[in-house]
Amino acid sequence: MDTTTWLCGPPPATGQFQRYPSRFMFNLKKFYPEFIDENTLHMFSGSSEFGITTDYRAETGANIIAPFDALPIPDNSISNVLADPPYADHWQGQWHGALPKPKHILAEASRVVGKNGLIGILHIIIIPAYKEFGIERIAIHPILTGPNNAIRCFNVFRKIS
């Protein structure tokens, strides 16, 4: 299992709020080029250089506006899934409700991704590889973004069934 630390930085100061840390996409392309695909789903994202975006908030400009746990996407139809969900109480006001639970995010990602597809979730916890979702963990990358910032981890799973 890969546990390489990714040296990133804080999100860019301009543009969409709550984005991936700077250099995150650089590392993603370096370690997992298969994510860079027009059939990669970005959960909790209004914009991306590639793939399909989904968010429940219309103001994000996402391709699909829907709850994260009830996406109008057929089973096994997506190549890969990336998710950077809200995970701290101070973001809850923008989320307008309870924060998404990692297990529920992983359940929906596992439903829509096809066999051998990758699921990557950026979070503050190490998410268990729940057997009932037919996945295996292939990596946990600590994500360092500088002083006074939480260390996050990029949980990477592969769908095996």
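The values are calculated or read from the model by the stated rules, or taken from the named source; none is laboratory data. Not measured: the values here are computed from a predicted model. Every residue, glycine as well, gets a Cβ built from its backbone with ideal geometry; the counts of neighbours run over all protein chains shown. These accessible areas exclude ligands, DNA and RNA; they are computed on the full protein's heavy atoms, side chains included. Shrake-Rupley method; radii C 1.70, N 1.55, O 1.52, S 1.80 Å.
Some points to look at:
- Scanning region 52-86 for residues that are in a loop (DSSP other than H, G, I, E, B) and surrounded by 21 or more Cβ atoms within 10 Å (Cβ to Cβ) yields ALA62, ASP84.
- Residue match in region 91-103 (condition: of a type in the set (A, V, I, L, M), in contact with a helix residue (DSSP H, G or I) (Cβ under 9 Å, 6 or more places away or on another chain), at pLDDT below 95 and exposed (fewer than 13 other Cβ atoms within 10 Å of the Cβ)): yes
- Qualifying residue in region 7-21 (condition: modelled with pLDDT of 90 or more and open to solvent by 30 Å² or more (accessible area, probe 1.4 Å)): yes
- Qualifying residues in region 27-50 (those that are more than 21 Å from HIS104 (Cα to Cα) and at pLDDT below 95) - the one most open to solvent (accessible area, probe 1.4 Å): GLU49
- Residue pairs whose Cβ atoms lie under 8 Å apart, sitting 6 or more positions apart in sequence or on different chains, and linking a residue in region 142-157 that is in contact (Cβ under 8 Å) with a residue 24 or more places away in the chain to a partner that is acidic (Asp, Glu) and open to solvent by 10 Å² or more (accessible area, probe 1.4 Å), are VAL156/ASP2; PHE157/GLU136.
- Among (1) surrounded by fewer than 15 Cβ atoms within 10 Å (Cβ to Cβ); (2) within 14 Å of the chain's Cα centre (by Cα); (3) in contact (Cβ under 8 Å) with a residue 60 or more places away in the chain, the one test that ILE124 misses: (3)
- Residue pairs meeting the criteria (Cβ under 7 Å; at least 6 apart or on separate chains; first over 22 Å from LEU28 (Cα atoms) and in contact (Cβ under 8 Å) with a residue 40 or more places away in the chain, in region 53-80; second among the hydroxyl-bearing types (Ser, Thr, Tyr) and part of a strand (DSSP E or B)): LEU71/THR54
- Residue that is surrounded by the fewest Cβ atoms within 10 Å (Cβ to Cβ), among those in region 132-155 that are under 14 Å from ALA109 (Cα atoms) and either over 15 Å from the mean Cα position of the chain (by Cα) or among the aromatic types (Phe, Trp, Tyr) (or both): GLU132
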